[in-house]
Amino acid sequence: MADLFARLACHDDEDFDKGSGPEALRAVDRAAAALVARTTQGLSPAALTLAYLDWWMHLAAAPGKQAELVLKAGRKASRFWAYVIASSLDRTFPPCITPLPGDERFSALAWQDWPYRFWYQGFLLGQQWWHNATHGVPGISPHNEKVVAFAARQLLDMASPSNSPFTNPEVIRRARETAGMNFVKGGRNALDDMARKATGQPPAGAEAFQPGRDVAVTPGEVIFRNHLMELIQYRATTQDVAAEPILIVPAWIMKYYILDLSPQNSLVRYLVSKGHTVFCISWRNVTAEDRALGFDEYRKLGIMAALDAVNAVVPGRKVHAAGYCLGGTLLSIAAAAMARAGDERLASVTLFAAQTDFSEAGELQLFIDPGELYMLESMMWDQGCLSAGQMAGAFEMLRSNDLVWSRMVREYLMGERAPMNDLMAWNADATRMPYKMHSEYLRRLFLENDLAAGRYDVDGRPVSLLNLRVPLFVVGTERDHVAPWRSVYKIHQLTDTDVTFVLASGGHNAGIVSEPGHKHRHYRVHETKLGELHLGPDEWMEANPPADGSWWPAWEAWLTARSSGRTTLPKIGGPGYPVLEPAPGSYVMQR
């Protein structure tokens with residue numbers, strides 16, 4: 001017995017740490033966090049509570065801020081009651097507060113009738129007060145301030161008088177006109193949506209936009225396929241082509257055919273019609289079995305494998321590479337690694353709404369702090385991937401007025417179905433993200449900003465965008481909620497080469513799908529050559545007036561100016577790259 005206790009006394013934590021015990025206990029932690037994440041849609045209650053406590057405790061310790069809020073509340077109350085009295089006497093009296101730009105909830109003339117004008121004016125004043133209450137509290141961390149302000153805005157949006165059938169004059173008028181049938185139609189719409197979501201079907205109307213039949217119809221062939229992607233080569237429609245081909249790298253958070261929608265708004269078809277040889281990656285829609293696929297696998301099996309195929313089809317020619325969103329971020333990493341290795345196969349790099357510095361990445365950063373990321377990673381660890389619905393939910397929260405509440409009012413209260421279009425149908429055709437890749441992307445790029453800091457490793461060595469020597473064409477969009485244009489603009493500070501920057505009207509998707517002839521489009525463009533003075537984003541915007549129309553012709557002219565001339569049409573496929581099937585291929589059909 002004494003020997004037993006003696007042996008036990010010699011054991012320490014090092015013996016335990018060498019076994020599988022710690023890993024098993026961490027798995028218990030992950031499982032517990034995943035269980036919570038499933039009920040909160042990936043949001044961390046701990047992170048949200050800490051943000052609220054940070055705001056509340058600093059506000060409680062700031063008597064000056066409290067006094068300011070009391071004074072503002074009194075002033076807003078005075079404005080409101082003065083407006084009530086004045087507008088009761090004069091119906092043409094102007095509102096005491098107007099909605100923020102882009103807020104169309106109260107734009108209908110019916111909101112100017114009594115008593116609806118009072119309800120929405122009081123709501124806007126209350127919304128403004130809560131903005132004051134959640135901003136400018138001394139001592140609160142900037143991240144927590146943004147989280148609290150965002151949460152307050154979500155709650156206010158939910159409580160808007162436009163969302164209630166009892167306080168929305170448009171809904172009340174429609175109910176009178178239809179004898180309440182709008183609510184019957186709205187109920188049917190709601191039941192149909194719930195049934196479609198439960199059975200994994202696309203939203204109503206999306207069946208009219210099938211890849212290969214209605215969208216993604218530019219003629220081409222799949223010439224290569226591996227576990228992660230298919231490579232499509234498009235058939236030329238001109239007598240000759242530019243010598244350098246174009247390789248498009250879309251994001252795998254979306255399906256590639258956003259760049260090949262209907263014939264009239266297909267960027268791929270536009271490039272082909274201008275005499276370019278175009279290749280495009282179509283990513284596989286991964287499953288839980290692909291949980292171990294990392295960010296570097298997307299670089300190797302995606303961009304590098306595609307470049308090898310392009311070089312086999314068009315030998316001896318450099319390649320114009322273009323990346324969209326996450327695909328652009330990956331392309332910038334791949335290009336930096338190629339530059340470090342002396343690989344000179346790229347003629348230029350184009351980035352569409354793609355970030356390389358994530359220090360000011362917009363409201364998506366609200367979901368990226370250590371607590372939130374641990375919760376999300378635990379959920380993906382349990383599932384093996386991030387589902388399309390979970391990803392879509394985060395984007396809907398960023399634009400809840402447009403994507404949630406306005407849709408609910410229109411379809412469920414008014415009983416109207418919004419007409420489906422190709423972009424909406426594509427947006428509903430979402431994909432999954434593998435656990436390891438998405439965790440690396442969020443942690444190394446969003447949270448730690450390793451690429452901009454020069455800490456991002458490829459093949460065990462850090463890469464730097466300063467090593468890029470090829471010209472860059474970079475596109476940001478004015479209303480981008482995913483990759484804010486000022487964040488995209490930071491590429492100027494990270495590279496040592498010529499940068500042509502375009503700021504296009506529209507958002508993350510509609511600003512890129514901006515074909516010639518599309519009404520109400522404009523863009524700004526300027527090339528900053530190596531060695532020229534660098535302007536801040538707002539200075540740049542002021543110095544470059546907008547031009548009407550699409551930015552596509554400007555990009556095509558830029559590509560042509562950096563090509564070495566014209567050449568004969570290349571064959572479809574090449575040695576080791578036979579034609580496998582017609583475009584759009586098989587991977588794009590995966591649900």
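Loop-located trypsin sites (Lys or Arg not before Pro) across segment 492-567 with a Cβ neighbour count of 11 or fewer within 10 Å are LYS519, LYS529, with loop assigned by DSSP. In the context of the full set of protein chains, the chain has a per residue accessible area of 46 Å² (1.4 Å probe).
Among the listed options (i) 37, 30, 21; (ii) 42, 35, 26; (iii) 40, 26, 25, the one matching semi-axes √(5λ) of the Cα gyration tensor in Å as calculated from these coordinates is (ii).
By the gyration tensor of its Cα atoms, with a ≥ b ≥ c the square roots of the eigenvalues, what is the shape of segment 540-590: rounded for a/c under 1.5, prolate for a/b over b/c, or oblate? It comes out oblate by the Cα gyration axes. Remark: segment 286-302, residue by residue, has Karplus-estimated 3J(HN,Hα) of 5, 10, 4, 5, 9, 4, 8, 5, x, 4, 6, 5, 5, 5, 6, 7, x Hz, where x stands for each Gly or Pro and the curve is 6.51 cos²θ - 1.76 cosθ + 1.60 at θ = phi - 60°.
For the chain, adding -39500 (n - 2.57) for each run of n ≥ 4 DSSP H residues and dividing by the number of residues yields -12500 deg cm²/dmol at 222 nm.
Measure out, as a whole number of angstrom, how far apart the alpha-carbon centroids of segment 400-467 and segment 339-379 sit. Using only Cα atoms to place each centre, the spacing works out to 11 Å. In summary, the helical segments of the chain meeting the span-like criteria, namely a full DSSP H run, a Cα extent along the axis of 20 angstrom or more and a mean Kyte-Doolittle hydropathy of at least 0.0, are 21-40, 45-60, 63-89, 326-341. Each of VAL474, HIS522, VAL458 was placed along the dipole of segment 436-591 (beta-carbon charges, centred on the mean Cα), and the one lying farthest toward the positive end is VAL458.
When the Cα centres of segment 47-105 and segment 201-224 are compared, how far apart do they sit, in Å? That distance is 48 Å. Please go through segment 90-182 and write out the trypsin sites (Lys or Arg not before Pro) that DSSP classes as loop and that have at most 13 other C-beta atoms within 10 Å. Counting only loop positions with at most 13 other Cβ atoms within 10 Å, the trypsin sites (Lys or Arg not before Pro) in segment 90-182 are ARG91.
Decide, for segment 83-222, between rounded, prolate and oblate: order the square roots of the alpha carbon gyration tensor eigenvalues as a ≥ b ≥ c, take rounded if a/c falls under 1.5, and otherwise choose prolate if a/b is larger than b/c, else oblate. Oblate, because a/c is 1.5 or more while a/b does not exceed b/c.
Here the extension length gained between ARG173 and GLU363 equals 64.8 nm, from 0.36 nm per residue of separation less the Cα-Cα distance. Assuming a ≥ b ≥ c are the square roots of the Cα gyration tensor eigenvalues, decide whether segment 200-339 counts as rounded (a/c under 1.5), prolate (otherwise, with a/b larger than b/c) or oblate. The shape class here is oblate.
Peptides 59-65, 461-467, 268-274 ranked from most to least packed by the mean count of surrounding Cβ atoms within 10 Å: 268-274, 461-467, 59-65.
Among the listed pairs LYS197/LYS519; LYS146/LYS529; LYS274/LYS300; LYS255/LYS529; LYS300/LYS571; LYS255/LYS300, those with a Cα-Cα distance over 27 Å are LYS197/LYS519; LYS146/LYS529; LYS274/LYS300; LYS255/LYS529. Simple rule: put +1 on each Lys or Arg Cβ and -1 on each Asp or Glu Cβ in the chain, find the dipole, and look at LEU71, THR237, TYR257; the Cα lying farthest toward the positive end is THR237. Provide the net charge surrounding ASP193, with neighbours chosen by a C-beta distance below 12 Å and charges set as Lys +1, Arg +1, Asp -1, Glu -1. Charge balance near ASP193 sits at +3. Relative contact order, whole percent, for segment 484-591 stands at 24, derived from Cα pairs under 8 Å and 6 or more residues apart. Ligands, DNA and RNA aside, GLU297 has an accessible area near 60 Å² when probed at 1.4 Å. A Cβ-based charge dipole, computed about the Cα centre of segment 266-320 with Lys and Arg at +1 and Asp and Glu at -1, lands at about 340 debye. All other residues with a Cβ under 11 Å from the Cβ of GLY531 taken together, and with Lys, Arg as +1 and Asp, Glu as -1, what is their net charge? Once all neighbours under 11 Å are counted, the net charge is -2. Net length available on complete extension from ASP382 to GLU440 is 19.3 nm, with 0.36 nm assigned per residue and the Cα-Cα distance removed.
Taking other residues whose beta carbon is less than 14 angstrom from the beta carbon of TRP119, and scoring Lys, Arg as +1 and Asp, Glu as -1, yields 0. Counting only Cα atoms, the size of segment 195-258 along its three principal axes is 51, 26, 16 Å, in decreasing order.
Put simply, the amide H of CYS385, placed in the peptide plane, has neighbours under 5 Å in TYR435, leaving out anything fewer than 5 places away on its chain. Of the GluC sites (Glu not before Pro) found in segment 528-591, those that fall in a DSSP loop while having at most 12 other beta-carbon atoms within 10 Å are GLU532.
The values are calculated or read from the model by the stated rules, or taken from the named source; none is laboratory data. Note that the structure is predicted; figures quoted are calculated from it, not measured. Here Cβ is always computed from backbone atoms with ideal geometry, including for glycine, and neighbour counts include all displayed protein chains. We work out accessible area using only protein heavy atoms, side chains counted, and drop any ligands, DNA or RNA first. Shrake-Rupley method; radii C 1.70, N 1.55, O 1.52, S 1.80 Å.
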